[in-house]
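A.B. asks: Shown below is the structure under consideration.
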């Protein structure tokens with residue numbers, strides 16, 4: 001049970017810098033050019049670090065719940081997603097294991113051959129390597145707006161569908177990397193994650209992924 | 001005749017039998033009919049807590065989010081740190097509605113336990129049956145189904161700091177609150193005595 005809940009949670013945030021959104025539809029030519037640009041950028045990424053701010057929106061609350069932190073990624077599959085405000089909580093993907101540090105309480109989960117984990121891992125790495133426009137997993141539509149290019153992904157997988165109705169990614173028009181992710185639940189409540197101070201291909205020490 | 005005497009004696013013994021929870025306290029005549037808990041009583045406050053739940057050595061963490069949506073009902077959402085909802089409930093003294101819940105938590109025993117625990121934490125009105133006191137504290141006793149709730153408040157400020165849910169002979173659940181202003185609970189601990197379940201909530205300043 002714990003693994004599944006954990007994976008659902010991770011899945012939620014990990015799509016983060018993957019990419020989706022909405023507004024004026026792209027033409028077929030625009031779509032192709034956009035995909036090529038994003039894939040081109042993604043293929044060159046060996047490391048990525050970024051600050052993020054997360055807003056959890058629940059309709060009945062008067063204010064969104066805000067949290068923030070840092071994310072580090074290193075090819076092929078090292079990832080550290082770290083909240084520093086208003087609590088310390090980090091989750092590290094390393095060697096088919098998930099390491100959690102919850103306010104100093106450390107734990108590890110062996111995900112081994114867990115299928116959902118494989119999917120998440122593929123999504124994370126895929127979103128960096130350019131292999132993220134996966135029509136098998138999502139019904140994808142492409143849009144353009146003032147904010148940037150957007151993709152909207154509707155999950156096809158039955159399990160994923162239960163938790164996520166739609167994922168919207170907004171791409172930066174100059175860098176062609178994801179700058180905002182919105183994960184919408186079936187209740188229409190959503191989690192929005194905005195990336196700031198993104199640094200691509202700077203040296204990241206392996207210690208950044210130590211438990 | 002002998003049977004009647006025995007019955008009467010038993011009745012007197014039973015009636016005067018003190019609850020373990022208020023041992024050492026003196027029963028006093030109650031002036032109050034209702035005790036109002038200050039916690040979770042505002043309809044404009046978003047109550048957001050970091051939650052750590054431990055069940056038989058296993059742990060689950062996330063956010064406990066509560067809001068008073070009408071006079072007697074609270075909406076409670078439990079999410080992971082990443083923001084996705086694991087359960088969405090509406091809880092009142094008599095009512096209980098599950099808006100959504102993930103499959104893994106959708107078990108009768110889990111829902112029943114959480115419903116009772118969350119009610120203890122959230123309830124604003126407690127109808128008093130008995131009142132006790134010692135030098136420092138006042139204890140208000142209310143009836144809760146087949147159980148009793150004992151609400152411990154310090155005598156001076158009448159600030160609620162503990163609720164004990166108990167049967168006549170045994171304590172079942174203990175909820176402890178800490179609050180600096182007496183209106184908002186910064187930490188809440190729920191400890192079960194018959195099962196290995198503990199819930200710790202720490203208020204997050206948004």
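No lab work stands behind these numbers, since they all come straight from the coordinates. Note that the structure is predicted; figures quoted are calculated from it, not measured. Using ideal geometry, Cβ is built from the backbone for each residue, glycine included, and neighbour counts are taken over all protein chains shown.
A.B. asks: Residues of B:47-58, mean number of Cβ from any other protein chain within 10 Å of their own Cβ, rounded to a whole number?
C.D. replies: Working: counts 1, 7, 0, 7, 0, 3, 0, 1, 2, 0, 0, 3.
Mean shielding by partner chains, rounded to a whole number: 2.
A.B. asks: Only Cα pairs under 8 Å and at least 6 apart count here; give the relative contact order of chain B as a rounded whole percent. Walk me through the intermediate numbers first.
C.D. replies: Values: 412 pairs, mean separation 41.9, N = 206.
20 percent.
A.B. asks: Based solely on C-alpha atoms, express the radius of gyration and the Dmax of chain B in angstrom.
C.D. replies: Expressed in Å, the Cα Rg and Dmax of chain B come to 18.7, 71.
A.B. asks: Now for a separate question. At a temperature of 10 °C and a viscosity of 1.306 mPa s, determine how fast the protein assembly as shown diffuses translationally according to Stokes-Einstein, using the Kirkwood radius over alpha-carbon pairs as Rh; express D in µm²/s, rounded to the nearest whole number.
C.D. replies: Numbers: Rh = 23.9 Å.
D, rounded to a whole number, is 66 µm²/s.
A.B. asks: So, one more: Past the 20 angstrom mark, what percentage of all C-alpha to C-alpha distances in the stretch B:96-206 do you count? Present the calculation step by step, with values, prior to reporting the outcome.
C.D. replies: Details: 2817 of 6105 pairs.
So the pairs more than 20 Å apart make up 46 percent of the total in the stretch B:96-206.
A.B. asks: Using only atoms on other chains, find how many Cβ atoms lie within 10 Å of each Cβ of peptide A:77-86 and report the average.
C.D. replies: Values: counts 0, 0, 0, 0, 2, 0, 2, 0, 1, 7.
Per residue, the number of nearby Cβ atoms from other chains is 1 on average.
A.B. asks: Within 10 Å of each Cβ of A:60-66, how many other protein chain Cβ atoms are there on average?
C.D. replies: On the way: counts 8, 10, 5, 3, 3, 8, 3.
The mean count of partner-chain Cβ atoms within 10 Å per residue comes to 6.
A.B. asks: If one takes the longest principal axis of the Cα atoms in chain B, at what angle in degrees, from 0 to 90 and to the nearest 10, does the Cα axis of helix B:108-122 lie?
C.D. replies: 80
A.B. asks: Highest first, please rank the peptides A:133-139, B:164-170 by the mean number of other Cβ atoms sitting within 10 Å of their residues.
C.D. replies: Result, highest mean first: B:164-170, A:133-139.
A.B. asks: What is the packing order of peptides A:36-43, A:161-168, taking the mean over residues of other C-beta atoms within 10 Å and listing the highest first? Write out the running numbers ahead of the final one.
C.D. replies: Details: A:36-43: 16.1, A:161-168: 19.2.
By packing density, highest mean first, the sequence is A:161-168, A:36-43.
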